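Here is the structure we will look at.
Every number in this text was worked out from the coordinates using simple rules, so none of it is lab data. What you see is a predicted model, and the numbers here were worked out from it, not measured in a lab. Every residue, glycine as well, gets a Cβ built from its backbone with ideal geometry; the counts of neighbours run over all protein chains shown.
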Amino acid sequence: MIQIKGGRLIDPENFDGIADIFVDNGKIVEIRELEEKGSLNQESSIPHPELSIIDATGKIVTPGLIDMHVHLREPGYEYKETIKTGCQAAAAGGITTVCCMPNTNPVNDNRQVTEYILKKAAECKTAHVFPVAAISKGLGGKELCEYQDLKGAGAVAVSDDGLPVMDSQLMRRALEHARRCDLLVISHCEDLNLLAGGVMNEGALATRLGLAGIPNACESIMVMREIALAELTESPVHIAHVSTKESVRAIRDAKKRGVPVTAETAPHYFTLTEEVVEEYSTNAKMNPPLRSREDRAAIREGLADGTIDVIATDHAPHSSDEKDVEFDKAPNGVIGLETSVSLGLKLVEDGVISVHQLVEKMSICPAKILGLDNGLKVGNAADITIIDPTKEYTVDTTRFRSLSRNTPFKGWNLRGKAALTMVMGRVVFEEN
């Protein structure tokens, strides 16, 4: 039996206070509120001859964090990341559950690939992995995959992430079919006609740098289409990696009308702006691109008022050989599993959201959207994250568990970090 002792338990829907958690056989068996400091030394009401104690004094204890937008790259691109290294990176970031996107090689558009991913994840025993299968066969945007078969194999959602579904009729059919199969549709919102070879945010900076720009409307037009289709079909849609003020406004208005839309953003969109591209750093190149200060402010406002439900990393590993090229030739994507908690806590430090809201957006809300139950409750699986909010460190990519190093936060001084990650009662990461 394990006793997590004296931490501040934060589960916004159940509890906030100093308490001990007792874990046995992979489950939470008791939660004991501690009203006085003197009671920290009180014996457990559950006698056990072999009690292992984890001291969480001064730390925050939360339900296991969930990242619902991750690229694990396996199968096909194991030189960037493997399921094993991706899960290790997740654990080091306090994340107990990841949803992996389907743009692998072969594409996860069939039962065999879904089952392969789950088999490899089970061998790792480091984090829960939920596969996101493709909306369309081969991500081609022409023909729907066999959703019922993919659901039976273990997929939790469908997405053509990395590519948009340009055909509105196909997307309508995807929403209707996915609802019948109890699968979430995650939309990569991008109008390829407006993209037109753009590589960074459209504006004065792009013009000065001599780089082709991507207008905000490239994203927001498709966000508005997905909202219209969700309203038409009465089917849920989840908007991935929101980056623009227009998208935030459209999602906010849709929610007020009762449209079943949810949304996520990534730490780089609420932390950075297009100005980081000034030095042509390819580690600041992603899709959608980093936007203006006004867009960043809108993303923060959307997080604060609940328009944006989820913080997800869009962890997208690439090798240094791929990134060490001219900006316009480099692939899109940055990694984020090992820095997301710290950057989220910076939002709390800046007064944008509360620590309760951070836990909601990194654990409770993604669980609800995916239909999971990961709260700190007796009987639940012991998927637990312990965060040290005072831990100060410098981002050192040589210490990353991920195979790739493409982060724009290298060398940043951050405060707050995952101290321990527990999955099904097993400690899968412990700081130092």
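So here's what we get for this one:
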item	result
Long-range tail of P(r) for the stretch 64-370 (Cα pairs > 29 Å, %)	30 percent
Furthest towards positive pole of dipole, Ser363, Ala92, Ser404, structure part the chain, Cβ charges	Ser404
Whole-angstrom gap from the stretch 1-37 to the stretch 310-370, using each part's C-alpha centre	27 Å
Sum of side-chain charges, Cys218 neighbourhood, beta-carbon under 9 Å (Lys, Arg +1; Asp, Glu -1)	-4
Electrostatic dipole magnitude of the chain [Cβ: Lys, Arg +1; Asp, Glu -1; Cα centre; debye, to 20]	240 debye
Length-normalised contact order for the chain - Cα pairs under 8 Å, 6+ apart - percent	19 percent
Antiparallel %, DSSP beta bridges [both residues in the chain], to 5	50 percent
Dipole-positive endmost among Leu139, Asn432, Ala212 within the chain (Cβ charges, Cα centre)	Leu139
Extension gain from Lys410 to Glu231, taking 0.36 nm per residue of separation minus the Cα-Cα distance	60.3 nm
Cα-centred dipole magnitude for the stretch 201-324, charges only on beta-carbon of K, R (+1) and D, E (-1), debye, nearest 20	400 debye
Hits among lysines - C-alpha to C-alpha of Lys255 under 23 Å, sequence gap 8 or more where chains match	Lys245, Lys361, Lys368
The chain, helix-only ellipticity at 222 nm - DSSP H runs n ≥ 4, -39,500 (n - 2.57), divided by all residues, nearest 500	-8000 deg cm²/dmol
For Asp160, Asp373, Asp20, order by how many other beta-carbon atoms lie within 10 Å, fewest first	Asp373, Asp20, Asp160
Within the stretch 384-432: Cβ-based charge dipole about Cα centre, in debye rounded to nearest 20 (Lys, Arg +1; Asp, Glu -1)	180 debye
Sites Thr397 and Glu115, calculated FRET efficiency, Cβ-Cβ separation with R0 45 Å, nearest 0.05	0.85
Whole-Å semi-axes of the stretch 115-174's equivalent ellipsoid (Cα gyration tensor)	25, 11, 8
Net charge over other residues, Cβ less than 9 angstrom from the Cβ of Val185 (K, R count +1; D, E count -1)	0
Estimated FRET transfer efficiency (Arg257, Asp167; beta-carbon r; R0 35 Å; 0.05)	0.90
Chain lengthening between Asp149 and Lys368 when straightened (0.36 nm per residue, less Cα-Cα)	76.5 nm
Listed residue (Phe327, Ala230, Leu150) projecting farthest to the positive dipole end of the chain, Cβ model	Leu150
Cα-projected label distance for Arg426 with Glu176, points at 7 Å along beta-carbon direction, nm	4.4 nm
Asn193-Val348 FRET efficiency (beta carbon distance; Förster radius 45 Å; 0.05 resolution)	0.70
Residue order, fewest to most surrounding Cβ atoms within 10 angstrom, among Arg426, Arg208, Arg111	Arg208, Arg426, Arg111
Length released on extending from Ser320 to Glu33, taking residue separation times 0.36 nm less the Cα-Cα span	98.5 nm
